[in-house]
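Please treat every number below as a calculation from the coordinates, not as lab data. Because the structure is predicted, anything quoted here is derived from the model rather than measured.
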Amino acid sequence: MLLRHILAATDESDAGRQAVRTATALASRASARVTILRVMAVEATRRLVGVGQGMAHTNGGEDEVALMYLRQWLEADVLSSDDVQAAELATACGVPGIEICRFAEQEEADLLVLGRKRHSQMMRLLLGDTADAVARRSRSPCLFVPPRSGEIRKVLVALDGSDRGMNVLNQACNLARCAGASVQAVTVERRPGNEPLHIVSTLPVARSSSLEVRVREGLAREGFPDVPLAIRRGDILEGVLAEAQESGADVLAIGYHRGGPPGVLEAGSTARRLAHAAPCAVLTIPL
């Protein structure tokens, strides 16, 4: 994940504002382009304006009004005028979960940044969940930030011991490097039901012992030496959430399978439930 182009998809919620601020800060540190996208639920079209470069690609009328409104809102309530001038602004019409990913692919975004809102199960069923839809469709890593989240100082990576999990570690290290953050890693072993707790709690299984070596070597190659692997036991969801809470992580990085139906997160994968329940921002890496 080389951060050359960061896409912030926003709305007028607190979470949407934070997505813009986080994307702008990351772009500044990484010397990357940043595009701020607003999707409105009307017929699907897309128009792009590069404010700082003085170019506009629109068909006039509604597109120009939407871009003007987006710029005025950003300058009045979200960013400084200089930051808005340095960004590219875009509007799209359609279903946000579809149009955000379409725009990201067409514009070759390396990272998508969205606000993270908590919805009840009923609200998700009635209105859908844009964050979940984007994470399931996106070919690029996605960073979901809650309202009023601060600077990224610590990234926690949840690993399962697979080769794909090591790619999650590498991608998370790239984000941490761009943000100037530290990295930690955690894995969770399922507790055997027929073994004494005092033995299970002191002896890591072969998977974790091997993973610990691979993580140490991988982090050293990425410029993060001497980082231990936290090994927890029990339920995977509970273990990762507890580590995120106790470590004070600002971002939880997880692998996320693309595709699959929307609907009840509680019946879905562990990654989908982590993305919904984590106490911090979440970085999803497509698997």
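Near the amide H of A253, within less than 5 Å, lie the amide hydrogens of L156, V157, A158, L283, all on another chain or at least 5 residues away, with H placed in the peptide plane.
Length available on full extension from S13 to L237: 0.36 nm per residue minus the Cα-Cα distance, which gives 77.8 nm. Full extension of the segment from M68 to R164, taken as 0.36 nm per residue of separation minus the current Cα-Cα distance, would add 30.3 nm.
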